[in-house]
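> After the C-alpha cells below, expect a handful of questions from me.
The values are calculated or read from the model by the stated rules, or taken from the named source; none is laboratory data. Quick caveat: nothing in here was measured; it's all calculated off a predicted structure. Here Cβ is always computed from backbone atoms with ideal geometry, including for glycine, and neighbour counts include all displayed protein chains. Surface accessibility is based on the protein's heavy atoms, side chains included, excluding ligands, DNA and RNA. Shrake-Rupley method; radii C 1.70, N 1.55, O 1.52, S 1.80 Å.
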Amino acid sequence: MAYSEKVIEHYENPRNVGALDKDDPEVGTGLVGAPACGDVMRLQIKVKDGIIEDAKFKTFGCGSAIASSSLATEWLKGKTVDEAETIKNSMIAEELNLPPVKIHCSVLAEDAIKSAISDFRTKQTARRALAGEPEAKADGEAAGARGE
C-alpha cells in the first residue's frame with residue numbers, strides 16, 4: 001500500500017497538533033477511537049461568535065489517521081459550526097486519496113468533528129441554562145441575538 005503525497009505531507013508536517021483548554025466554555029472536545037486498528041483521535045475546536053477560530057488534534061495511530069486529523073483541523077478553521085458539520089469522511093478520503101483499507105481513518109476524523117461540536121453545544125446549553133438565557137440556536141448563538 002502506497003500513501004499519497006498529501007498523506008505523506010500531512011504525516012511528516014502535521015498542522016495544528018496540540019491541545020486547547022478543555023474547560024474553556026468556547027472549546028469543544030471530541031475523543032474517538034477506531035476498534036478496527038486501535039487509532040485514537042482527540043480533536044478540539046474553539047468557537048468564537050459562531051466561527052471556529054482554532055482547531056487542534058492529537059492522534060495516536062497510523063499515517064492516514066494523522067493526515068486525516070491534520071486536514072480536518074485545517075478545514076475547520078474559519079467555518080461556522082453548521083458548516084463544519086457538513087465535512088464528511090468521503091471528502092477527507094477523496095482529498096487525501098486514501099486507499100480503501102484506510103477509509104476508517106477518515107471516518108474517525110468525521111466522528112471526532114461531530115463529537116467536538118456536540119461537546120461544544122452541550123457546554124453552551126449548560127452555560128445558557130445557568131445564566132437563564134434563551135435556548136441556543138444550532139450554531140451556538142442565542143435565538144434573540146440575531147433579531148429572530
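> Just list whichever of Lys79/Lys114; Lys6/Lys46; Lys22/Lys123 have alpha carbons separated by over 19 Å in the model shown.
Over 19 Å Cα-Cα: Lys6/Lys46.
> For the full complex of protein chains and a 1.4 angstrom probe, list Arg15, Arg128 by accessible area with the highest value first.
Sorted descending by solvent-accessible area, the residues read Arg15, Arg128.
> When Rg is the radius of gyration of the Cα atoms in the range 5-126 and Rh is its Kirkwood radius, what does Rg/Rh come to?
Radius of gyration relative to Kirkwood radius: 0.95.
> Sticking with this structure for a sec: Can you tally the net charge around Gln44? Count Lys and Arg as +1, Asp and Glu as -1, for every other residue whose Cβ sits under 15 Å from the Cβ of Gln44.
Here the count lands on +3.
> Give me the extension gain from Lys48 to Ala131: residue separation times 0.36 nm, minus the current Cα-Cα distance, reported in nm with one decimal.
28.1 nm
> Can you give the accessible area of Tyr3, probe radius 1.4 Å, in Å² rounded to 10?
Around 80 Å² of this residue is reachable by solvent.
> Let me ask something else about it. Summing +1 for each Lys or Arg and -1 for each Asp or Glu, what net charge is found among the other residues whose Cβ lies under 11 Å from the Cβ of Lys56?
+4
> For the Cα atoms of the chain, what angle does the longest principal axis make with the long axis of helix 103-131, in degrees from 0 to 90, nearest 10?
So the helix axis and the longest Cα principal axis differ by about 10 degrees.
> Residue by residue through the range 95-102, which ³J(HN,Hα) values in whole Hz follow from phi under the Karplus form 6.51 cos²θ - 1.76 cosθ + 1.60 (θ = phi - 60°), with glycine and proline marked x?
With coefficients 6.51, -1.76 and 1.60, one gets 4, 8, 6, 6, x, x, 5, 10 Hz.
> So how do Cys62, Cys37, Cys105 rank on accessible area, 1.4 Å probe, biggest first, that is with the largest at the start?
Order by accessible area, largest first: Cys37, Cys62, Cys105.
> Helix 63-76 sits at what angle to the longest principal axis of the chain, using alpha carbons and giving 0 to 90 degrees rounded to 10?
Between the helix axis and the principal axis of the chain, the angle is about 30 degrees.
> Need the C-alpha centroid separation for the range 58-133 versus the range 2-41, integer Å.
Measuring centre to centre over Cα atoms gives 9 Å.
> Relative contact order of the chain: what whole-number percent is it, with Cα pairs under 8 angstrom and at least 6 residues apart?
The value is 27 percent.
> Largest first, what is the accessible-area ranking of Val32, Val107, Val27 with a 1.4 Å probe?
Sorted descending by solvent-accessible area, the residues read Val107, Val32, Val27.
> Follow-up question, since we're still on this one. Pick out, in residue order, every one of the trypsin sites (Lys or Arg not before Pro) in the range 34-112 that is DSSP loop and has at most 14 other C-beta atoms within 10 Å; say none if there are none.
Taking the range 34-112 and a limit of 14 other Cβ atoms within 10 Å, the loop trypsin sites (Lys or Arg not before Pro) found are Lys88.
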